[in-house]
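The values are calculated or read from the model by the stated rules, or taken from the named source; none is laboratory data. Keep in mind it's a predicted model, so treat the numbers as computed, not measured. Reconstructed Cβ throughout: ideal geometry from the backbone, glycine too, with neighbour counts over all protein chains shown. Ligands, DNA and RNA are excluded from the accessible area calculation, which covers all protein heavy atoms including side chains. Shrake-Rupley method; radii C 1.70, N 1.55, O 1.52, S 1.80 Å.
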Amino acid sequence: MNELTSWVAVPADSDFPIQNLPFGIFSTSERTKRVGVAIGDQIVDLKALHMLGYLENLPFTLADFEAPVLNPMIARGKQATRELRNRLVKLLDASRPDLRDKEHHVGQILVPQSEAAMHLPVEIGDYTDFYSSEDHARNVGKMFRDPENALLPNWKHLPVGYHGRASSIVVSGTPLKRPHGQMRPDPAAPPTFGPSRLLDFELEMAFITYPGKPLGDPISMAEAEDYIFGLTLFNDWSARDIQAWEYVPLGPFLGKNFGSTMSPWVVTLDALEPYRIPGPDQVDPPVLPYLQVTSPGHFDVDLAVEIVPESGPGAVVCRSNLKHMYWNMAQQLTHHTVNGCNVRGGDVMASGTISGPEPGSFGSMLEISWRGSKPFAMPDGSERKFIQDGDTVRLTGCASAPGKPRIGFGSAEGLILPA
Ligand code: MN
């Protein structure tokens, strides 16, 4: 088998073989924030690589790689970042001596991930959250509305979404305080104020955009993926009691915007290409022509959620997959811009909670505990209906299949501190 491998050692179970090469922002005690690419348990320092002359004849400047966010690099567009990624593959290929045999350069461009701090990868101008998993929408509809008509009439005609809060998106590893808020636990009594008692996670993935078209110009289905840079894991933390009281009639607000957690490594669509698959039939009802899928735009990515208590062992509470989406990313972006709404480089669009059809694949505690009626049994004997203080919630994701490279996303984790 003539499989592409790297001269950088990559452990067999690594999320980051040479076929992945996700982009992120890192720093160390000696290196300011800058652009890096993960391989194995190392980071390739693109600023150092550029300064040593390995990125010549590419449409980038040094400033693109010494920036504290990926936005300047992303602003160069899809063709440019694809050429950059192809160059990196060549430089890291085990069969090519160009960089491999230059020991004094290798020492300057490789940084152990254990010595680096990871940062939010992009400066996020706007954040949109969709609601695109049919199983999640059905579960919520069954719980709160009518089991016979769980989906609202618009759901299979357009990707429902809302504009979220960009300022409170944090990188994995950032602790969050349990939010205070207004809620009405007793529907017959006046509302109360205090710490949320129904704090939840939402298992999601998010895509990051290239700069889009000018205001007024829609992006079509055929063009949509040219405007999608890559994906991360995303936890849309949700305070269900605050959300339930406040959301009528304008939708999510303070029950959501106290924090969202994003994984630091952005996996490109090019890396995910081996895992592209067709989505569900969208014929009953048929979608309008502007949203019709003409080539497969779904991706097969296994996802998991683990709750790790302050002390004692953790437990996997959910195993799901990105393939369970009804609407794919191209449809989400196309719908988002069909009215002429413009997107900018570094905008974040999250999938919505990704639940599968089986109970073990539900992507929120709301569904796992079915609104608190079915507590989840933890290994230490405790129960979880929702998230407790001291719990760390860890999202992981990985595309893998026999004979294909493992394309992982690392993790998006967050510790919940007392209110
Ligand atoms: Mn959400």
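With all protein chains present, how much of the accessible area of the stretch 23-119 (probe radius 1.4 Å) comes from carbon and sulfur, to the nearest whole percent? About 48 percent, which is the carbon plus sulfur part of the accessible surface.
For the chain, the mean residue ellipticity at 222 nm estimated from helices alone is -4500 deg cm²/dmol, where every DSSP H run of n ≥ 4 contributes -39500 (n - 2.57) and the total is divided by all residues, rounded to the nearest 500. List the lysines whose alpha-carbon lies under 24 Å from that of LYS142, not counting same-chain residues fewer than 8 positions away? Counting by Cα, and skipping residues close in sequence, LYS142 has these lysines nearby: LYS156, LYS256, LYS323, LYS374, LYS385. Starting from the Cα gyration tensor of the stretch 135-242, take the square roots of the eigenvalues, sort them a ≥ b ≥ c, and report rounded, prolate or oblate (rounded when a/c is under 1.5, otherwise prolate if a/b is larger than b/c, else oblate). Verdict is oblate for the stretch 135-242. Within the accessible area of the stretch 362-414, the carbon and sulfur atoms contribute 48%, probe 1.4 Å, all protein chains present. Counting only Cβ charges, +1 for Lys and Arg and -1 for Asp and Glu, the dipole size of the stretch 127-417 around its Cα centre is about 400 debye. For the stretch 20-26, backbone phi angles converted through the Karplus equation (6.51, -1.76, 1.60; θ = phi - 60°) give residue-by-residue couplings of 9, 6, x, 9, x, 10, 10 Hz, Gly and Pro being listed as x. With a 1.4 Å probe and every protein chain kept in, tell me what percent of the accessible surface of the stretch 122-280 is carbon plus sulfur. Accessible surface attributable to carbon and sulfur in the stretch 122-280 totals 57 percent.
When only Cα pairs below 8 angstrom with a gap of at least 6 residues are kept, the stretch 127-417 shows a relative contact order of 27 percent. The residue among SER168, PRO402, SER355 whose Cα reaches farthest toward the positive pole of the charge dipole of the stretch 127-417, with charges on the beta-carbon of Lys, Arg, Asp and Glu, is SER168. For the stretch 355-419, a simple Cβ point-charge model (Lys and Arg +1, Asp and Glu -1, everything else neutral) yields a dipole of about 240 debye relative to the Cα centre.
The residues of the stretch 1-140 expose on average 44 square angstrom of accessible surface per residue, using a 1.4 Å probe on protein heavy atoms. Tell me, what does the Kirkwood hydrodynamic radius of the chain come to in angstroms if you use every pair of distinct C-alpha atoms? Its Kirkwood hydrodynamic radius stands at 22.2 Å.
When each of the peptides 23-36, 179-192 is scored by how many other beta carbons lie within 10 Å of its residues on average, the order from highest to lowest is 23-36, 179-192. Measuring with a 1.4 angstrom probe and ignoring ligands and nucleic acids, ASP281 comes out at about 130 Å² accessible.
Other residues whose C-beta falls under 12 angstrom from the C-beta of SER311 contribute a net charge of -3, scoring Lys and Arg +1 and Asp and Glu -1. Could you let me know the centre-to-centre spacing of the stretch 198-224 and the stretch 322-353, using Cα atoms, in angstrom? First find each Cα centre; the distance between them is then 3 Å.
For the stretch 1-68, the gyration tensor built on C-alpha atoms gives an oblate shape. Its axis ratio a/c (a ≥ b ≥ c) is at least 1.5, and a/b is not larger than b/c.
A cut-off of 5 Å between modelled amide H atoms, ignoring neighbours fewer than 5 places along the same chain, links ILE39 with VAL44.
Rolling a 1.4 Å probe across the protein heavy atoms gives the stretch 262-337 an accessible surface of 39 Å² per residue.
Note on exposure: ASP389, ASP13 ranked by accessible area (1.4 Å probe, complete protein assembly) read ASP13, ASP389, with the most exposed listed first.
Note on the stretch 23-119: Lys pairs 8 or more places apart or on different chains, Cα atoms under 19 Å apart, count 5.
Using the average count of surrounding beta-carbon atoms within 10 Å as a protection proxy, the listed peptides 94-101, 347-354 rank, highest first, as 347-354, 94-101. Against the main long axis of the alpha-carbon atoms of the chain, helix 78-92 sits at an angle near 60°. Database remark: amide H of ILE18 closer than 5 angstrom to the amide H of SER6 (H placed geometrically; neighbours at sequence offset of 5 or more, or on other chains; Pro and chain starts carry no H). Of the residues ARG394, ARG197, ARG371, ranked by 1.4 Å probe accessible area with the largest first, the sequence reads ARG197, ARG371, ARG394. Taking the Cα centre of the stretch 340-388 as origin and assigning +1 to Lys and Arg Cβ atoms and -1 to Asp and Glu Cβ atoms, the resulting dipole is close to 140 debye.
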